[in-house]
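Take a look at the structure set out below.
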Amino acid sequence: MIDLHTVPTANGYKASIMLEELGLPYRVTAYDLLEGENLKPELLALSRVGRLPLIVDHDVAGEPLPVYGSAAILQYLAEKTGRFLPATGRERAKVIEWTGIVSSDISPAYSGQFVFNVVAQEKQPWAMSFYDRLCSRMIKVMDDQLATTRFLAGSEYSIADILAYPVAAISMKRFPGNLDGHPHIARWATEIGLRPAVQRGLTVPA
Ligand SMILES: N[C@@H](CCC(=O)N[C@@H](CS)C(=O)NCC(=O)O)C(=O)O
């Protein structure tokens, strides 16, 4: 059994979509970030970062194993099951590369854009413009890639697609003006959005 500690955000959906794709049994605990529930001592005991998503795998030798962070969770589960991450070689390198691009370049650009445009009480034009331009660059990077390959890291659906899909379906649709100017992301998102596991993952937590 796996415990999923999560929130209804793009990062949370990355983990729930992966668990649904794998068909692994899991229990969900939802947290209210506005209430600071992510900083409860029992969660900090599992990961001192105090952020979500986080899983605890009970189906391991020894103590239950906590793993924090969407990219780490997806790589861990991919390696545990042998799915959505090629075992060796060029194909694996490209999936790992795109996992990094989505997690370290694309997702933080959209997080910053959201913070400065939506969350911030005082609007700071320099910061808003910085993140707007960064998002415009990153969405083009992804669209150009998907002009050349069916999925993000090549011809096979992988953890890179699972990490990127919630960003496209939620954040990129919100900014900059939905996916109209990015036909290759739109084509890819339509295909991935039809997967039943993806649709189920987007309903977690209920
Ligand atoms: N790099 C992490 C980021 C996780 C993250 O930013 N989680 C947010 C919710 S989407 C969170 O828990 N925020 C609460 C806080 O920072 O206090 C991932 O990819 O999972």
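The values are calculated or read from the model by the stated rules, or taken from the named source; none is laboratory data. From a predicted model like this one, the values you see are computed outputs, not experimental measurements. Every residue, glycine as well, gets a Cβ built from its backbone with ideal geometry; the counts of neighbours run over all protein chains shown. The area values use the complete protein model at the heavy-atom level, side chains included, leaving out ligands, DNA and RNA. Shrake-Rupley method; radii C 1.70, N 1.55, O 1.52, S 1.80 Å.
Here's the yes/no breakdown for (1) surrounded by fewer than 15 Cβ atoms within 10 Å (Cβ to Cβ); (2) within 13 Å of the ligand (Cβ to nearest atom); (3) over 16 Å from T9 (Cβ atoms):
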| position | (1), (2), (3) |
| --- | --- |
| Y31 | no, yes, no |
| L34 | yes, yes, no |
| N38 | no, yes, no |
| R48 | yes, yes, yes |
| L52 | no, yes, no |
| I55 | no, yes, no |
| E63 | yes, no, yes |
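S129 - would you say it is among the polar types (S, T, N, Q) and within 20 Å of K14 (Cα to Cα)?
On the way: among the polar types (S, T, N, Q): yes; within 20 Å of K14 (Cα to Cα): no.
So S129 fails the test.
Residues checked against (1) among the basic types (K, R); (2) closer than 24 Å to A72 by Cα; (3) within 15 Å of the ligand (Cβ to nearest atom); (4) not assigned by TED's automatic domain parsing to the domain that holds K14:
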residue: F130; (1), (2), (3), (4): no, no, no, yes
residue: D143; (1), (2), (3), (4): no, no, no, yes
residue: L152; (1), (2), (3), (4): no, yes, no, yes
residue: A160; (1), (2), (3), (4): no, yes, yes, yes
residue: P183; (1), (2), (3), (4): no, no, no, yes
Show the residue pairs that are 6+ apart or on different chains and have beta-carbon atoms under 6 Å apart, the first residue being within the range 70-94 and closer than 15 Å to V60 by Cβ, the second being hydrophobic (A, V, I, L, M, F, W, C) and open to solvent by 50 Å² or more (accessible area, probe 1.4 Å). none
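Does S171 satisfy the condition of being within 16 Å of the ligand (Cβ to nearest atom), among the small types (G, A, S), more than 21 Å from L22 (Cα to Cα) and assigned to a helix (DSSP H, G or I)?
It is true that S171 is within 16 Å of the ligand (Cβ to nearest atom), among the small types (G, A, S), more than 21 Å from L22 (Cα to Cα) and assigned to a helix (DSSP H, G or I).
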Residue check for E42: more than 9 Å from the ligand (Cβ to nearest atom), part of a helix (DSSP H, G or I), at pLDDT 95 or above and more than 27 Å from A109 (Cα to Cα): yes
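Find the residue count for the range 175-195, including only residues that are open to solvent by 80 Å² or more (accessible area, probe 1.4 Å) and either touching a residue at least 24 places away in the same chain (Cβ under 8 Å) or among the aromatic types (F, W, Y) (or both).
Filtering the range 175-195 down to residues open to solvent by 80 Å² or more (accessible area, probe 1.4 Å) leaves 180, 187, 190, 194.
The next check asks that each one be either touching a residue at least 24 places away in the same chain (Cβ under 8 Å) or among the aromatic types (F, W, Y) (or both); those that pass are 187.
Qualifying residue count for the region: 1.
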